[in-house]
Amino acid sequence: HKNFNPRIIEYFIDKKRWEKVPVADFVSTFLDYFDNPESVWDVAFNDLPKEGRYALFILASMGSNVGIDDWYEAYKYFATDLHLGLSADPLVWEKTIKLLEDSFIQTVRNSDNLILVRFINPSILDFLVGKLQKQSNAVSLIVEHSYFVEQLYTIFTDSMSSRRYHANIKLDESQYTIVVRAFSRLI
């Protein structure tokens with residue numbers, strides 16, 4: 001199948017999703033997970049603790065092949081700058097990484113011995129962008145509390161014709177002042 005991913009099979013079996021499916025619908029339901037992997041990401045995403053969900057949103061704003069230390073710095077800044085009840089504790093961060101590893105992200109060591117993080121599947125970035133498109137408040141928070149300038153333009157845009165990535169979030173005019181403030185702070 002073009003969307004084959006062992007994580008989808010694991011998700012279907014380990015999370016016992018099959019127990020809720022009538023026997024006659026088993027094969028078609030199972031194939032639906034491959035035909036519509038976003039449904040798998042949605043359920044798995046909603047099962048994450050909020051640290052995991054926001055960590056993924058932060059990573060999405062940074063792009064792919066991001067240094068794990070940079071990702072943690074961006075997440076830590078976001079978590080400690082807001083009163084969302086997020087923990088930036090290193091032990092919680094380590095637990096969050098282990099939870100996300102091999103389900104949403106993968107880490108690789110580059111030639112400089114740095115650990116880089118990327119999404120395990122491009123459809124995860126598409127899913128996260130789609131999720132954020134429906135949450136303008138979360139978009140504003142991520143933009144306003146960005147740690148790196150790149151977070152302001154990697155997935156966010158003011159015009160869909162200037163797309164860098166295939167998945168973008170168009171900021172509305174009410175968010176422009178937030179971008180300007182964030183950009184000024186970062187400069």
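The values are calculated or read from the model by the stated rules, or taken from the named source; none is laboratory data. All figures in this text were calculated on a predicted structure; none of them were measured in a lab. Ideal geometry is used to build each Cβ from the backbone, glycine not excepted, and the neighbour counts take in all protein chains shown. To get the accessible areas, we keep the full protein, side chains included, count just its heavy atoms, and leave off ligands, DNA and RNA. Shrake-Rupley method; radii C 1.70, N 1.55, O 1.52, S 1.80 Å.
The table below gives the values:
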item: FRET efficiency for residue 19 and residue 39, using Cβ-Cβ distance with R0 set to 22 Å, rounded to 0.05; result: 0.85
item: Rounded tilt (10° steps) of 68-81 against the dominant C-alpha axis of the chain; result: 70
item: Protein accessible area in segment 51-136, 1.4 Å probe - carbon and sulfur %; result: 49
item: Cβ charges +1 (Lys, Arg) and -1 (Asp, Glu), total dipole of the chain, debye; result: 120
item: Sequence ranges 148-158, 171-181, 107-117, ranked by mean other-Cβ count within 10 angstrom, highest first; result: 148-158, 171-181, 107-117
item: Order by protection proxy (mean Cβ within 10 Å, highest first), peptides 39-49, 68-78; result: 68-78, 39-49
item: Angle between the chain longest axis and helix 176-186 axis [Cα atoms, degrees, rounded to 10]; result: 70
item: Out-of-range pairs (alpha-carbon distance over 26 Å; input 50/170; 2/50; 98/131; 20/98; 16/50); result: 2/50; 20/98
item: For segment 5-24 versus segment 62-139, the gap between their alpha-carbon centres in whole angstrom; result: 26
item: Length-normalised contact order for the chain - Cα pairs under 8 Å, 6+ apart - percent; result: 20
item: Among [x] 9, 34, 34, 18, 5, 1; [y] 9, 28, 35, 22, 6, 0; [z] 9, 17, 14, 12, 11, 9, 8, 7, 5, 4, 2, 1, 0, 0, the entry derived from the coordinates for P(r) over Cα pairs in 10 Å bins from 0, in percent; result: [x]
item: C-alpha long axis of helix 26-35 to longest principal axis of the chain, angle in °; result: 30
